[in-house]
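Data block below; observations after.
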Amino acid sequence: SKVPSITLNNGIAMPQLGFGVWQVPDDEAATAVGHALDAGYRSIDTAAIYGNEEGTGKALATSGIARDELFVTTKLWNSDQGYDSALRAFDTSLAKLGLEYVDLYLIHWPLPARDTYVDTYKALEKIYADGRAKAIGVSNFQPDHLERLLGETSVVPAVNQIELHPQFQQAESRAAHARHRIVTEAWSPLGQGRGLLEDAAIGTIAEKHGKSPAQVVLRWHLQLGNVVIPKSVTPSRIRENIDVFDFALDDADLSALAALDSGNRLGPDPATFDMA
Ligand code: NAD
């Protein structure tokens, strides 16, 4: 199945569905990413803190897939915020990935109490100007963090990667992104497989379309215009999660899903999260 691309605000094309590798150990990452590439994924989402940039890079290198057909995202960890340290951290990530450039480089968390994300982002602007990241952006930025960034820097983030799933729909952030032509990328798009996929309303929609609950949830994201990066290390699920381009949710399905927004945040609150 062919994954459509979304055009970012700088003209770069990003696959709308990719493969996330959080919590995949480095020595299993090459295998998992290899399965994903075999299944047709071309976009991989990693981060320095995941500790699997090397395994990920190994899979990319041995795949034989042309570099310009791949879309690789990594993220700058909290302990590397600041202008000079961000430049160094980026060099380390590139070396571990074994790449000459990444497609997307993100600041992982805003850490508002530290007040370093503006300087950090200026380092990303330098990396972008040098062509070592085809696009730059942020993750876990709330609308007030974005406003501050937009006021003090010049490159509008291409992407904001935030927690988003049917039980945590992030209407306010999505509206802010739309105003600034920032693409919304959903992390934990399946709600981490905890509970969401057993929801009765999702089960009913899945039966109606002859698809799985995970496929219904991924389809919901795609029809909202989100980029999604589901994670699995199980080959059958890796294939299932990309097999979502042969059906469409109708208005009744979409309203039933809209009603599941319960404010059930699974991860930390970006306003207060601060971890070295
Ligand atoms: P997810 O929502 O993708 O859920 C993954 C889990 O759901 C799997 O471990 C498995 O238990 C289950 N699952 C997957 N496919 C399934 C299927 N077809 N049927 C049934 N169960 C299935 O959760 P995630 O890993 O937290 O998020 C995806 C990616 O988002 C991560 O790998 C990472 O790349 C990114 N992420 C980013 C941040 C951030 O702060 N920027 C935070 C968390 C995750």
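Taken together, the values in this text are just the output of simple stated rules run on the coordinates, not laboratory data. Model, not experiment: these values are computed from the prediction. Methodologically, a virtual Cβ is constructed for each residue, glycine included, from the backbone with ideal geometry; neighbour enumeration extends over all protein chains shown.
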Too long for a 18 Å Cα-Cα cut-off, among Lys2/Lys96; Lys58/Lys96; Lys75/Lys96, are Lys2/Lys96
Once you put a point 7 Å from the Cα of Met275 and another 7 Å from the Cα of Ala171, both along the Cβ direction, what distance in nm separates them?
3.0
Estimated 222 nm signal from helices in the chain, with DSSP H stretches of n ≥ 4 weighted -39500 (n - 2.57), rounded to 500:
-12000 deg cm²/dmol
Protection proxy ranking of 84-97, 215-228, 124-137 - average other beta-carbon atoms within 10 Å, highest first:
215-228, 124-137, 84-97
Between Glu54 and Arg179, what length in nm is gained on full extension when 0.36 nm per residue of separation is reduced by their alpha carbon distance?
41.3 nm
Considering the alpha-carbon set of the stretch 76-127 alone, what are its Rg and its Dmax in angstrom?
10.6, 34
Figure the gain on full extension for Lys2 and Lys126 (residue separation times 0.36 nm, minus the Cα-Cα span) and round it to one decimal in nm.
41.3 nm
log10 I(q)/I(0), Debye, Cα-only the chain, no solvent, q = 0.16 Å⁻¹?
-1.27
